[in-house]
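What follows is a set of notes on a single structure, which appears directly below.
The values are calculated or read from the model by the stated rules, or taken from the named source; none is laboratory data. All figures in this text were calculated on a predicted structure; none of them were measured in a lab. All Cβ positions, even for glycine, are placed from backbone atoms using ideal geometry, and neighbour counts span all protein chains on display.
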Amino acid sequence: MLPSRVLVLSMLGPLCLAVFTLFDPSYWRLMVAIDLAIALIALVDAALAWRPLVSVTRELHPVFSLGRANPVTLTLRSRAKRRLQVNVTDDLFEQASSEDLPLSVSIPAGGRVQASYHVRPLRRGAHALGAHHVRYGSPLGLWQRQLDLPAESPVRVYPDLEAMRMYDLMARQARELELVRATRLRGNESEFERLREYTRDDDYRSVDWKATARRQSLICREYQLESNQSLVFMLDAGRSMTSESDGIARFDHALNATLMLSHVAVRGGDRVGLVGFDASVRAFVAPASGARAARQLIQASYDLHPELVEPDYDEAFDYLSLRVRQRALVILFSHVMDEQVAATLVKRAAALSRRHLPLVVLFRDAEVERLAAAPLVGPAGLYTRGAAAEILRWQAGLVRELRRAGAQVLDVFPRELTPALINRYLEIKARRLL
């Protein structure tokens, strides 16, 4: 129970009288009478407000999307015989925010209302929303009744699912995924699917002249990519993947691209699997097809976070070799900055290429490239520019060594990863490298 502004202001009268009694003691009886009256009224008002009059229930989807505004609905019920003006807020989990709280609602006598707010989680994993905190005025307005109502609503924060839903809608409407150049490739190196009318962006070599003659309009052949092939995503969750780009950890860039490409691959009839590792293997999903396979990847990775340890490539590749026998496109995400780690990666990529097709995704660093191109300002600027240029030279050498070892390489800025990876996947499929 907290005093309201009305109660605080009502105490100003007796306070003024207390000052007057310093000069004229005859005011003390009036002061005491007013004090007793205010105290009696306040006690009666507090007694009337003592019984809790508001209850709260919460409705939400048990899965939240990382970085998105996820809706939460509160239902407030009143047992009061008067209209209540209620303020309510919820305990959020760490690394979550809401711009809507606290909520202010008016509940009619004996009625109920619903109010909604949005939670924006900033970290994946298992979390929970906590207690409700409710505040409303007493019958006479002298007190603010505060209720702390225990509640716990478990939620799992997954990577950005809304982006995949957006892609799914666009794919169903036969539209192109934003920022991705190619959707379904057409050409004579894939399986024939159907005949359709010619469009301006079609290759003239795809025109079916017999069908064109029959229908008296240009008809072309449409081909689809081979399906029922395997992709395995290897997510390095070691030290170097904790660093951020555009406010997001490199690991999360890799995970978002993994889930988006797995969604594309599953819709195209391919199988998807996953190996998550740091100093040991922390997650594994065997390659499988269908929507269930994409959900398994989400379940296995939503609580996977990069740790400040060195990744063990030998253990991860040995684990993969034992469990994935059929040829697959193995996509490894890493940010290699150590010569010993780089040598291990090249060696393991060469061994892997005997059975699988390795695709190593390396992250470019915009800050390093900016420093390498920065104007020279004094000796410190010369040293900084030289160091940045040396890093770029070393990284370019690593890319060449990986390609000589038989690996495909995608060297890309984190913000451009998802569209670039999908395009490379489609290119590999079109060229029948698997």
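Would you mind stating whether VAL44 is farther than 30 Å from ASP160 by Cβ and either buried (at least 17 other Cβ atoms within 10 Å of the Cβ) or modelled with pLDDT under 90 (or both)?
Details: farther than 30 Å from ASP160 by Cβ: yes; either buried (at least 17 other Cβ atoms within 10 Å of the Cβ) or modelled with pLDDT under 90 (or both): yes.
It is true that VAL44 is farther than 30 Å from ASP160 by Cβ and either buried (at least 17 other Cβ atoms within 10 Å of the Cβ) or modelled with pLDDT under 90 (or both).
When restricted to residues that are farther than 19 Å from HIS253 by Cα and crowded, with 18+ Cβ neighbours inside 10 Å, the range 313-334 contains 7.
Counting only residues that are over 12 Å from the mean Cα position of the chain (by Cα) and of a type in the set (A, V, I, L, M), which one in the range 298-312 is surrounded by the fewest Cβ atoms within 10 Å (Cβ to Cβ)? Going through the qualifying residues, I end up with LEU308. In the set (1) within 19 Å of SER4 (Cα to Cα); (2) surrounded by fewer than 20 Cβ atoms within 10 Å (Cβ to Cβ), SER153 fails one condition alone, (1).
For every residue, the table says whether it meets (1) of a type in the set (S, T, N, Q); (2) closer than 23 Å to ASP252 by Cα; (3) part of a helix (DSSP H, G or I); (4) at pLDDT below 80.
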| position | (1), (2), (3), (4) |
| --- | --- |
| SER104 | yes, no, no, no |
| ALA115 | no, no, no, no |
| ARG123 | no, yes, no, no |
| GLN146 | yes, no, no, no |
| VAL157 | no, yes, no, no |
| LEU179 | no, yes, no, yes |
| ASN188 | yes, no, no, yes |
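Could you run through the range 270-304 and say how many residues are more than 18 Å from LEU332 (Cβ to Cβ) and outside any strand (DSSP E or B)? Qualifying residue count for the region: 12. The residue that is farthest from LEU60 (Cα to Cα), among those in the range 84-105 that are surrounded by 13 or more Cβ atoms within 10 Å (Cβ to Cβ) and more than 22 Å from the chain's Cα centre (by Cα), is LEU84.
The residue pairs whose first member lies in the range 31-52 and is more than 27 Å from ARG83 (Cβ to Cβ) and free of Cβ contacts under 8 Å to residues at least 40 places away in the same chain, whose second member is among the aromatic types (Phe, Trp, Tyr) and surrounded by 13 or more Cβ atoms within 10 Å (Cβ to Cβ), and whose beta carbons are closer than 9 Å, counting only pairs six or more residues apart or on different chains, are MET31/PHE20.
In the range 241-276, the qualifying residues are those that are among the polar types (S, T, N, Q) and in contact with an Asp or Glu (Cβ under 8 Å, 6 or more places away or on another chain), and the one that is surrounded by the fewest Cβ atoms within 10 Å (Cβ to Cβ) is THR242. The requirement of being basic (Lys, Arg), assigned by TED's automatic domain parsing to the domain that holds ASP252, surrounded by 12 or more Cβ atoms within 10 Å (Cβ to Cβ) and touching a Phe, Trp or Tyr at 6+ places or on another chain (Cβ under 9 Å) is not satisfied by ARG424.
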